[in-house]
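Novice: Sending over a structure as structure tokens; questions will come in a sec.
Where a number appears in this text, it was derived from the coordinates with a stated rule and is not lab data. These figures come from a predicted structure and were not determined experimentally. Here Cβ is always computed from backbone atoms with ideal geometry, including for glycine, and neighbour counts include all displayed protein chains.
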Amino acid sequence: MVGKADVVIVGGGVMGCALAYNLAKEGLKPVVIERSDIGGEESGANGGGVRQSARNLKEMPLAMESVRLFAQLHEELGMDVEYVRKGNLRLCSTPEDMVNMRKSVENQKAVGLQLELLDRKQVLEINPYVGDGVIGATFCPTDGHANPLLVSYAFFKKAKSLGARFYTQEEVKDIVLKKGRVAAVVTDKQRIETDLVVNAAGMAGRKIANMAGLDFPVKAVFTEALITEALPPLFPQMLGQARGLFYGRQTLHGSFFMGGFVGTEEFIYRDGKPLFNFIGPAISRLVIEYLPVLKDLHVVRTWSGIIDQTSDSIPVLGLTPEVPGFVFCTGFSGHGFGLAPVIGRLMCELIMDCRVSLPINDFCYSRFGKGADHVCACKGNAACTTATALCPNKREWLKNI
Amino acid sequence: MKPNFIFAQDVKAVLRDGTKKITIPQNSRISAAALDLIKENGVELTYAGSLNDQSDMAVAAPLVEQASGVSAENIGDAGPEVADEPMPEEMVEEIARRVIARFRELKGAPAVASPLAGQKLEDEDDLVICRCEEITRKEIKEAIRNGMKTLNGIKRVTRAGMGLCQGQTCQRLVTQLLAGELGMAPAQIKQMTPRAPVRPVALSVLAAG
């Protein structure tokens, strides 16, 4: 029972934990409510890619900063998160793939990403295990991967040691508004008075937004992944496929993580788990096709996860003028893990100072109502504003709670 | 309902202050040593609540428990309350006699050193719980104390249960550790989410559909 809190973060995934860590470092005592375990849902089921290549260009500045922050995580959090920065190969198997990748490489180079298009011979120099069908690939040397299970846990542990409070197996049931502003969060076990609630609930983000009278276009995409038995190190890169058919990596543990898409992912029924049994075999076929060396390895475990896919595949971040005190940090559309450290930092800056060091205007909540071409100039997300009435001297104001 | 235990020290306390009367609340379990002292010294028993067959059974329960080595929870579930017919009184007395006899026997006997007796607690913490991934008791306890309060959570941060056997060997042990740390019954702990395949399957076999 806490009664009162500076900030309540809904969702103890990697975003919630990263934000809690940053806020606790600034001296706040955030409360995190998680309905399952820390990093127990999307944050624990993803592939662990820390990549900049093939991202939406709007996310690129955040992704670049995130890569820098990932390198410091071990030291900062006092725990090894198995971060490996050895590049990302995005494999092409058809001439169309090559054409598309050439275009995409140019676009991404234009925003400052170090990225090149390789032919088969160059690919083999980097990864000699790719299959005969691979005719080329894009290669971004600063991409990499980390262990998603450990990243959430590391943020959680550090945040807790700095004074953040975590309540797991507890579900948020309601957000109480008073005069249109956030006043309290009600869970199935307690009521917490707060002025500020952060929606970092991933797939449940829509439900949480609904509680405050807000909504945004997000749907559930069901995906599966598998892990094999361990081998000695074969290749350190993160692998992907140009059309996004499969992605994978060898973990530091030695096992191979492989995920993939077959096209049926969007057809799940509400709150249910589909009984499709062909995603695992489909991933296996792709793995054998692209990495024939693994064909005799045994699959130890398969699992599924839900991607919170927004209508434009980029997250919703920042304050909302509609409901002062409600902060979005959700809708990462399946590629949020690699952004976690930078999102944690930016959301913390926003809450502490109403000022962010990297612009997050493109991710503002209002974009859905104003059309796809809308260029956001939302106050609060770009510069200091009184739009939320939280703002002037935010830090001082919070201390007086 | 959580049973209330009467131990030898409680009886000794009554003996020390000379009242020689002890109140047994309902749903109590009396340890064999305590019962021994009660009989030897003729301590008067007063039962809180009504005295019926059920509370007589409750007195007998700890004796049965000590004799067979099963835990208190198990006896509560499958014991006299559930049985169709109550246990005959002679049988209860017979069990009580056997327990008391054994207790006396042990009391005078020289202690037999257990093979683990010399080991320190640290060594016990080095016990490997998950054999596939070589995860020790200490690592699992640390994860629990750091806030992982479910089997899935422990699995994620320690890898216990992520190996080739998928927790088939260690799940019970981890459950016991978690139950001990949380002060819950093992039966109350939710199992790990089962993941396909049950046994490792070659990629080429899975690919064939």
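Novice: Which order do A:69, A:294, A:91 fall in if you start with the one that has the fewest other Cβ atoms within 10 Å?
Specialist: On the way: A:69 17, A:294 21, A:91 27.
Least crowded to most crowded, the residues run A:69, A:294, A:91.
Novice: Let me ask something else. How big is the gap, in Å, between the Cα center of the range B:128-192 and the Cα center of the range A:158-202?
Specialist: Centre-to-centre (Cα) distance: 29 Å.
Novice: Can you tell me the mean projection area, over all orientations, of the convex hull of chain A's alpha carbons? Units nm², please.
Specialist: Details: hull surface 74.8 nm².
Here the figure is 18.7 nm², rounded to one decimal.
Novice: Now, a different point. Using a Cα-Cα cut-off of under 24 Å, which lysines could be cross-linked to residue A:29, ignoring same-chain neighbours fewer than 8 residues away?
Specialist: A:4, A:157, A:158, A:160, A:173, A:178, A:189, A:394, A:399, B:149
Novice: Rounded to the nearest 500 deg cm²/dmol, what is the calculated helix-only ellipticity per residue at 222 nm for chain A, with -39500 (n - 2.57) per DSSP H run of length n ≥ 4?
Specialist: Values: 10 runs with 110 residues, N = 401.
Value at 222 nm, helices only, nearest 500: -8500 deg cm²/dmol.
Novice: Still on this structure, please answer the following. What lysines could a cross-link reach from residue B:39, if we take a straight Cα to Cα line under 27 Å and drop same-chain neighbours fewer than 8 places away?
Specialist: List returned: B:2, B:12, B:20, B:21, B:107.
Novice: Within straight cross-link reach of residue A:370, meaning Cα distance under 16 Å, which aspartates and glutamates are found once same-chain residues fewer than 8 apart are removed?
Specialist: A:215, A:312, A:322, A:362
Novice: Can you put A:121, A:370 in order, fewest other beta carbons within 10 Å first? Write down the numbers at each step before the final one.
Specialist: On the way: A:121 8, A:370 11.
Fewest-to-most ranking of A:121, A:370: A:121, A:370.
Novice: Then there's this: Where does the charge balance sit around residue B:14 when Lys and Arg score +1, Asp and Glu -1, over other residues with C-beta under 11 Å from its C-beta?
Specialist: Working: positive: B:12, B:16, B:20, B:21; negative: B:10, B:17, B:44.
After counting each charged neighbour, the total is +1.
Novice: For A:140, B:165, what ranking results if the residue with the fewest other Cβ atoms within 10 Å of its Cβ goes first?
Specialist: Working: A:140 23, B:165 17.
Exposure proxy ranking, most exposed first: B:165, A:140.
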